[in-house]
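Step one of this worksheet: look at the structure below.
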Amino acid sequence: MKPRLLPVDRVRRILQAAARTRVLVIGDVMLDQFIWGRVSRISPEAPVPVVEFERESFMPGGAANVARNLTALKTSADALGVIGRDDAGKKLTSLLEEQRVGCDGLLQHFDRTTSIKTRIIAHQQQVVRIDRETREDLDEMATQRLLEILAWKLPSADAVIVGDYGKGVVTQPLLDEIKKLCRARGLWLSLDPKPVHHLNLAGISLITPNRKEAFELAGVIDGGSARSANPLNDAALMGAAEKLLRDLRPAFDTVIASLTLAIAAGASPLEAAIFSNHVAGVVVGKVGTATVSPQELLASFKRKG
């Protein structure tokens with residue numbers, strides 16, 4: 001049997017330390033709606049399936065899901081962002097409070113709607129997604145208010161995560177001030193980026209782009225050839241990663257949440273990467289916007305042992 005790179009006992013200690021940490025999540029919060037049904041016929045009006053409604057469910061999405069992933073692993077988390085003065089905003093706040101996420105950093109905005117992603121799912125397959133959202137950059141007054149709340153909460157925080165989902169909350173002025181505040185306190189700062197924004201990400205501790213986003217951020221083309229099952233043997237990907245490391249000096253709601261909390265709990269970067277990879281491995285086996293419990297995570301390490 002191969003020796004574990006991260007023994008189960010070490011995972012337990014990281015989880016125990018994580019339960020004593022607090023992480024602030026600031027960015028684009030949203031509400032994920034799932035409409036579940038079944039398809040038994042095609043519409044006579046157009047060549048599309050008719051989904052017969054069975055049930056619906058709601059989950060926190062975007063930066064709100066990052067916060068939810070943290071509390072699922074027993075870490076304290078606060079969500080900072082903007083919601084509308086609407087039923088969706090009330091629903092999102094209620095869901096987050098149920099999952100022990102601090103919500104006093106969620107600002108109600110008169111001129112913005114709460115972002116909602118509605119997914120219609122039949123037989124465990126997504127049929128279509130409908131987005132309702134405001135995407136304009138957040139105004140200066142609301143941005144300043146968010147930064148005031150962040151500055152007030154930072155003394156009791158161990159790390160900060162910025163969740164950029166392209167909905168307008170994460171702007172360069174906001175990010176610059178967050179970097180300045182975290183640098184002054186020596187706090188770990190992670191960011192899940194959207195390359196379309198072309199933000200200056202220099203000085204951030206961790207970014208978690210997927211493959212496509214990594215190439216876009218690096219400004220290089222993914223040839224798509226010579227891919228390897230082992231990312232370390234993927235020459236194109238390693239080239240993009242090296243460029244990002246060189247330019248920026250610094251995985252996904254679940255990845256950024258679990259990796260950041262592991263770092264905040266005292267794990268090394270390598271340990272945190274292994275830790276978050278196991279968390280991601282569990283969550284991809286679930287349908288919908290899912291989280292992982294400490295018990296599920298420990299079981300994952302035992303199975304791989």
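What follows draws every value from the coordinates through simple rules; no lab data is involved. The model shown is predicted, which means the values in this text are computed figures rather than measured ones. Every residue, glycine as well, gets a Cβ built from its backbone with ideal geometry; the counts of neighbours run over all protein chains shown.
Of the labelled options (i) 27, 26, 17; (ii) 29, 26, 22; (iii) 30, 22, 18, which one gives semi-axes √(5λ) of the Cα gyration tensor in Å as computed for this structure?
Only one listed value fits the structure, namely (ii).
For the pairs LYS91/LYS153; LYS194/LYS286; LYS117/LYS179, note any where the Cα-Cα span goes beyond 27 Å.
LYS117/LYS179
Please list the non-local residues whose amide H lies under 5 Å from the amide H of VAL128, H modeled 1.01 Å from N, same-chain partners needing a gap of 5 or more.
Under 5 Å from the amide H of VAL128: ILE120.
Rounded, prolate or oblate for segment 168-216? Axes are the square roots of the Cα gyration tensor eigenvalues, ordered a ≥ b ≥ c, and the cut-off for rounded is a/c under 1.5. Can you show the working numbers first?
Working: a/c = 2.74, a/b = 1.54, b/c = 1.78.
Because a/c hits 1.5 or more and a/b fails to exceed b/c, segment 168-216 counts as oblate.
With θ set to phi - 60° and the Karplus curve 6.51 cos²θ - 1.76 cosθ + 1.60, what are the ³J(HN,Hα) couplings of segment 145-162 in order, to the nearest whole Hz, using x for Gly and Pro?
Ordered by residue, 3J(HN,Hα) equals 5, 4, 5, 5, 5, 4, 4, 5, 8, 4, x, 9, 9, 10, 6, 10, 10, 9 Hz.
Return the ratio Rg/(2.2 N^0.38 Å) for segment 1-136, where Rg is computed over Cα atoms only.
Ratio of Rg to 2.2 N^0.38 Å for segment 1-136: 1.35.
Step through the residues of segment 52-64 one at a time and calculate ³J(HN,Hα) from phi using the Karplus curve (6.51 cos²θ - 1.76 cosθ + 1.60, θ = phi - 60°), rounding each to whole Hz and writing x for Gly and Pro.
Rounded to whole hertz, the list is 8, 4, 10, 6, 9, 9, 10, 9, x, x, x, 4, 5.
Quick one: net charge of ASP32's neighbours, Cβ under 14 Å, K/R +1, D/E -1?
Local net charge: +3.
Using just the helices of the chain, give the 222 nm mean residue ellipticity in deg cm²/dmol: DSSP H runs with n ≥ 4 each add -39,500 (n - 2.57), and the total is spread over all residues, rounded to 500.
It lands at -12500 deg cm²/dmol.
Under the rule of at least 5 residues apart or a separate chain, name every residue whose amide H is placed under 5 Å from the amide H of VAL101.
Under 5 Å from the amide H of VAL101 lies no amide H from a residue far enough along the sequence or on another chain.
Using the Karplus curve 6.51 cos²θ - 1.76 cosθ + 1.60 with θ = phi - 60°, work out ³J(HN,Hα) for each residue of segment 79-91 in order, rounded to whole Hz, and write x for Gly and Pro.
Calculated HN-Hα couplings, in order: 9, 10, x, 10, 10, x, 8, 9, 5, 5, x, 5, 5 Hz.
Quickly work out the SER94-to-VAL128 label distance, labels modelled 7 Å from Cα along the C-beta direction, and quote it in nm with one decimal.
For VAL128 paired with SER94, the spin-label model returns 2.7 nm.
Going by amide H atoms built from the backbone, whose H comes under 5 Å of the H on ALA290, apart from near neighbours?
It is none; the list stays empty.
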